[in-house]
1. Are there any pairs, at least 6 apart or on different chains, whose C-beta atoms fall under 6 Å, with the first in region 171-186 and closer than 13 Å to N111 by Cα and at pLDDT 95 or above and the second among the hydrophobic types (A, V, I, L, M, F, W, C) and part of a helix (DSSP H, G or I), and if so, which?
2. Among the helices (runs of 4 or more DSSP H) contained in region 1-92, which hold 1 or more residues that are at pLDDT 95 or above?
3. Looking only at residues that are within 18 Å of the chain's Cα centre (by Cα) and of a type in the set (G, A, S) in region 259-299, which one is modelled with the highest pLDDT?
4. Would you check if V96 is closer than 30 Å to I63 by Cα and in a loop (DSSP other than H, G, I, E, B)?
5. When you check E112 against the structure, is it of a type in the set (D, E, K, R) and buried (at least 19 other Cβ atoms within 10 Å of the Cβ), yes or no?
6. All but one of (1) touching a Lys or Arg at 6+ places or on another chain (Cβ under 8 Å); (2) within 28 Å of A127 (Cβ to Cβ); (3) surrounded by 18 or more Cβ atoms within 10 Å (Cβ to Cβ) hold for M203; state the number of the condition that does not hold.
7. What do you reckon, is Y159 part of a helix (DSSP H, G or I), touching a helix residue (DSSP H, G or I) at 6+ places or on another chain (Cβ under 7 Å) and crowded, with 19+ Cβ neighbours inside 10 Å?
8. Could you say whether any residue in region 106-124 is at pLDDT 95 or above, of a type in the set (A, V, I, L, M) and closer than 21 Å to L254 by Cα?
Amino acid sequence: MNSCVETLLQYHPSQQQQQPKDENPALVFDSNLLQKQGEVPKEFLWSLGDMVSTTQEDLKEPIIDLEIMRNNDDEAIAIAAKHVREACMKHGFFQVINHGVDQNLIHAAYNESDTIFNLPLSKKMSAKRKSGGVSGYSGAHADRYSSKLPWKETFSFHYHHQKSSNTQVIDYFKSVLGEEHQQTGWVYQKYCEAMKRLSLVMMELLAISLGVDRLHYKSFFEDGDSIMRCNYYPPCKSCSHTLGTGPHTDPTSLTILHQDQVGGLELFIDNKWLAVRPRPEALVINIGDTFMDNMISPL
């Protein structure tokens, strides 16, 4: 099994195990129960044409040392920005090291992710994402789709960059999971704050790579918001017929992702899938659709 913790930076905003009666029991993702069944339910099966072939070839994405940004090393920053621009024009992926996010905090975020996904199904369903919403628990996105379901669970929530309360994430976890989950909220509050700081550094580097004012995007996104998402991919007996996450592009502006060491993230380029190799000390940066538009036609 594997898991990952990611932050999706949005485009600048305008602003007892019993199923609910309106829920189709066949579409509730109970991985413990499903693993005991002989066959994977048809809702989770993908056609051969949809399946991503396993590859042994890694993507040769640039690894950017962000120490240069803290040191204001103009020459090194110019070289890094060139590599970032080339990567973004080609596929949109690079990784960053010396990013300033405490490894102990990342480890704590994984531990709290385990806490969430190990809860009884009834408890997770009590925090189920509402239709049309973003925040809350989702099992296989069964609330949105009825076929080709991903073999995963997610837990997502908003983080507003300029919200006056510095306990917004703590308050959210207490409200949906109960007072006993205050510690989980505290960890993710700190994690989101660290991701906000990192995202603004990335906005500076991306601006330089596009040849616009260094603070252009940083200023634009300072009062934005993020979606924090934990992904969990349980073991599956028929993994050759299912996908943890299907082929997609991110509709947001920027994704900051930490992978565990199991791997599984792949990128389609030059008519083949290449693996984005997990690096424990690094964070994966992926520009989303809105930023890709700027790479093609910078402001």
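The values are calculated or read from the model by the stated rules, or taken from the named source; none is laboratory data. Everything quoted here is computed from the prediction, not taken from an experiment. Every residue, glycine among them, receives a Cβ derived from its backbone with ideal geometry; neighbour counts consider all protein chains shown.
1. Going by the 6 Å Cβ cut-off, the qualifying pairs are H181/F173; T184/F173; G185/V169; G185/I170; G185/F173; W186/I170.
2. Numbers: elements: 31-36, 67-71, 74-90.
Where helices (runs of 4 or more DSSP H) fall fully within region 1-92 and carry at least 1 residues being at pLDDT 95 or above, they are 67-71, 74-90.
3. A282
4. Values: closer than 30 Å to I63 by Cα: yes; in a loop (DSSP other than H, G, I, E, B): no.
Considered against the rule, which asks whether it is closer than 30 Å to I63 by Cα and in a loop (DSSP other than H, G, I, E, B), V96 comes out as no.
5. Details: of a type in the set (D, E, K, R): yes; buried (at least 19 other Cβ atoms within 10 Å of the Cβ): yes.
Yes; evaluated as a whole, the condition is true for this residue.
6. (2)
7. On the way: part of a helix (DSSP H, G or I): no; touching a helix residue (DSSP H, G or I) at 6+ places or on another chain (Cβ under 7 Å): yes; crowded, with 19+ Cβ neighbours inside 10 Å: yes.
Judged against the criteria, Y159 is not a match.
8. Yes; the residues of region 106-124 include at least one that is at pLDDT 95 or above, of a type in the set (A, V, I, L, M) and closer than 21 Å to L254 by Cα.
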